[in-house]
Each structure stands twice: as C-alpha cells, then as structure tokens.
Amino acid sequence: ALGTYEHYMLKEIEEQPAVMRNILAHYVNEDDEVVVDDEIVEAFSKADRVYIIACGTSWNAGLVGKTIIETLAGIPTEVHLASEFGYNTPLLSEKPFFIYLSQSGETADSRQVLVKTNKLGYPALTVTNVAGSTLSREANYTMLLHAGPEIAVASTKAYTAQIAVLSILASVTGKNKGIEVAQNFDVKQELSLVANNMDSLLTDENKFPSLVHNLLAETRNAFYIGRGTDYSVSLEASLKLKEISYIQCEGFASGELKHGTIALIEEGTPVIALITADHTNLQTRSNIQEVKSRGAKTCIISMEDVAQEGDDVVLPHVHPLYTALVSVLPTQLIAYYATLERGLDVDKPRNLAKSVTVE
Ligand code: M6R
C-alpha cells in the first residue's frame, strides 16, 4: 500500500535502508554469522568463471556485482545482456557458473538463456525478489532479495538489494576459499553502515527538487559520467532518468568523452559526475573541467573522502566495494523529481511494463 506516499517510486527509494537491514537479518544466523546455503557456496567455489545474465537495471546491478565478486571471491566474472547472450553466445570457460539476476524472476529474455544453460547442464543461481518465480523454479539454486514487493516500473530497491545479496555470496565464498580481502571484509558492519548512511542521505531529500530544477528543467538531454563503479552507476542513473522523465540521457565513462561524445556538449548541456574513488578523483574532475569549458552545466556527486568545496551532493563514507549502494540514491531522486517537475506519471511510464515477458 502507498500509505502516506504519493508514489510507489519514492516509497521504494526510501525503503532501501530497511531493505539492507532486512537482507542482513535473512542472511545472518543465530550465531551472528553471515551464511549462504552450503550447496550454493560449494558450486560457486568450483567455478572458473561466473556469467551474470540480466536485463535493464538488473544488468546494471550485475556490473557492480562483477567487481565485488572478483574482489571478494576471486572468480573472473562476465556480465551479459540476456537478449544478446542467448543468440550470440560467447566462448564459455570450462566450468562456468551462471547467475540470473532478475527482480521479477519472470523476464523472458533471461529465461531463454536459462533454458539453454540448463540443457547444457551448467549450474545456475537465480537472484530474485520473487520466491517461486519462473527463473527461481527453473534454476538449481535461488537467493532471495528480501526487498518486499517493488511496484513502480522504475526499479530502485531491487538494484541495491541485488548488489547487497551478490556481495554476501561473494564474501562467504571468498572467506571459505581463504581469500584475504574477504577475510578482512565485515559484511555485517559494512552493510549496516550503508543502511545508516542511506538514512542520512534521505533526510537531505528536500534539496533535490531545486537541484533538479536548476539542472534539468527544459533540457532534452543529459549525461552522467564516472569511472569504474561510478561508471556502472552512471549507466543505471541514466536508465532511470530516461525511462521515467523521457530526458535522453547517456551514462559515460568519463575518460571516453574526449574520444567522441564531447562533441555533443553545448551551452547548458547538463553533465552529472559521480566521484567516489580516490584513485580516479582527479581524472574525473579534469573531465568535468573539459565539459565545463565547453558550456556544460555540471553537478558533482562525490563521496566525503574525495569531496571538494562546491560539490553539489556529498555522500557519507562507505566501504569502497559498497559505494554504488549510496551513490545511486541521489540519482534515483534526481529521476523522480525530474519526472514530477514535468508532470509525468512516475510509477507508470509510457510504453513500459513492470515485468517483460516477451523476447
Ligand atoms: O525483473 P527484472 O529484474 O528481470 O527486470 C529487468 C528489466 O526489465 C528492469 O530492470 C527494467 O530495466 C526496469 N524498468 C528498470 O527500472
């Protein structure tokens, strides 16, 4: 139910701290240990390569998951669009492990790949919000998102839940394999910190309507830029803005701008930069200068560790593997308020359905 909210999307954005806590509650046992089914961890540990298959926002979450899995579990990971993979299958490794990421668990594009990998006998894990969904029933294993029903067409809490659940799988597996980074990574502590910092970000929500007005009113296009995980989040941020506000928006690797896309920057083009990592902070800032000097209207969303005076949104510090969980929140709010400002239907954008059951 909507309760006091006007839209499901805002309700679901605001539920994210609770979702993080709920995920911890479901994956922590009585002895206060983070646990994943032994069978899943065993099958996952045997893989020489992980293939994440997904669409839309779930694919974007997979990109962030890839870095987390490679860092904590030490398994090379590829992220594929389901609609491409099924018909243009790449050369597979000897011991592949498939992860189907899907909020609804009903996405036809993902299912056609699952049918194929099942036929080939490859192990498959579905990470989904819906128990008993098709992808869950047809895969060998399931991990649930525990995010509660997501009603708005624009996916928000499922994105952060998918990243959190993948990190739990990666961390338990990495600890099991004796990987040092995993042994030093305390999921409970780091995810709780994420939840608290999401809360504090959301208390600042009232600054977004004017920020959005100054940046995006009247524009037909916009860019999000970033490097590494910030680039992955840029892709999700731009999908969100496109699908509900109908502003044409592209997520871009900031270093690539000068290789072509910068030609699109003109007086007043909005460019939003995400900066959460120290090792790319200066590079991305120099890319912002490049677009600014060509007339772009810029907005910087940075993490407090690397923030500079004048940055528009400052994110509270979280573990480097978890920056996406907080940096995506302002971008969800930007999409929400840009859509409200245009008087459009936030929860039910044109041409879209909540779950896409055709290929
Ligand atoms: O249910 P799924 O996660 O499989 O759905 C995948 C996409 O259709 C979905 O994420 C879509 O991109 C959303 N509308 C994005 O907000």
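The values are calculated or read from the model by the stated rules, or taken from the named source; none is laboratory data. As the structure is a prediction and not an experimental result, all values here were calculated from the model. All Cβ positions, glycine included, derive from the backbone under ideal geometry; neighbour counts span all protein chains shown. Please note that ligands, DNA and RNA were not included when accessible areas were found on the heavy atoms of the full protein model with its side chains. Shrake-Rupley method; radii C 1.70, N 1.55, O 1.52, S 1.80 Å.
Points to keep in mind about this one:
- Shape of the stretch 107-181, Cα gyration tensor, a/c cut at 1.5: oblate
- The stretch 75-121: chymotrypsin sites (Phe, Trp or Tyr not before Pro) in DSSP coil with no more than 13 other Cβ atoms inside 10 Å: Tyr87
- The stretch 277-323: C-alpha gyration tensor shape, a/c 1.5 cut-off, then a/b vs b/c: prolate
- Environment charge at Ser83 (Cβ cut-off 10 Å; Lys +1, Arg +1, Asp -1, Glu -1): -3
- A 1.4 Å probe, protein heavy atoms only, puts the accessible area of Ser192 near 50 Å².
- Between 0 and 90 degrees, the angle of helix 157-176 with respect to the longest Cα principal axis of the chain falls at about 50 degrees.
- Surface listing: Val115, Val358, Val328 arranged by accessible area from highest to lowest gives Val358, Val115, Val328, probe 1.4 Å.
- A crude spin-label estimate for the pair Ala18 and Arg350, with each label 7 Å from Cα along the Cβ direction, gives 3.4 nm.
- Within the shell of other residues whose beta carbon sits under 11 angstrom from the beta carbon of Val318, the net charge comes to -3, with Lys and Arg scored +1 and Asp and Glu -1.
- FRET efficiency for Asn214 and His319, using Cβ-Cβ distance with R0 set to 35 Å, rounded to 0.05: 0.65
- Solvent exposure of the stretch 56-130, expressed per residue, is 37 Å² of accessible area, with all protein chains present and a 1.4 angstrom probe.
- Accessible area of the stretch 188-248 belonging to carbon and sulfur atoms, whole % at 1.4 Å probe: 45 percent
- Cα long-axis angle, helix 323-341 against the chain (0 to 90 degrees, to the nearest 10): 50 degrees
- His259 sits with roughly 130 Å² accessible to a 1.4 Å probe, with DNA, RNA and ligands left out of the calculation.
- Alpha-carbon centroids, the stretch 152-175 and the stretch 185-241: separation in whole Å: 17 Å
- Among the GluC sites (Glu not before Pro) found in the stretch 180-245, those both in a DSSP coil and sparsely packed, with 12 or fewer other Cβ atoms within 10 Å of their Cβ, are Glu218.
- Carbon and sulfur %, accessible surface of the stretch 32-164 computed with the full protein complex present, 1.4 Å: 50 percent
- Net charge contributed by nearby residues that have their C-beta within less than 12 Å of Ser45 (K/R +1, D/E -1): 0
- In terms of its alpha-carbon gyration tensor, the stretch 185-255 comes out oblate; a/c meets the 1.5 threshold, while b/c is at least as large as a/b.
- Two-site FRET efficiency, Asn221 against Glu39, from Cβ-Cβ distance with R₀ of 56 Å, rounded to 0.05: 0.70
- Between helix 187-203 and the chain: long-axis angle, C-alpha atoms, 0 to 90°, nearest 10: 30 degrees
- Overall shape of the chain was characterised from the C-alpha gyration tensor. The equivalent ellipsoid obtained from it has semi-axes of 32, 22, 21 Å, in decreasing order.
- Förster-model FRET efficiency, 35 Å R0, Leu282 and Asn206, C-beta, rounded to 0.05: 0.65
- Of the chymotrypsin sites (Phe, Trp or Tyr not before Pro) in the stretch 1-59, the ones in a loop by DSSP (not H, G, I, E or B) with at most 15 other beta carbons within 10 Å are Tyr5.
- Cα-only Debye scattering, the stretch 216-259: base-10 log of I(q)/I(0) at q = 0.28 Å⁻¹: -0.91
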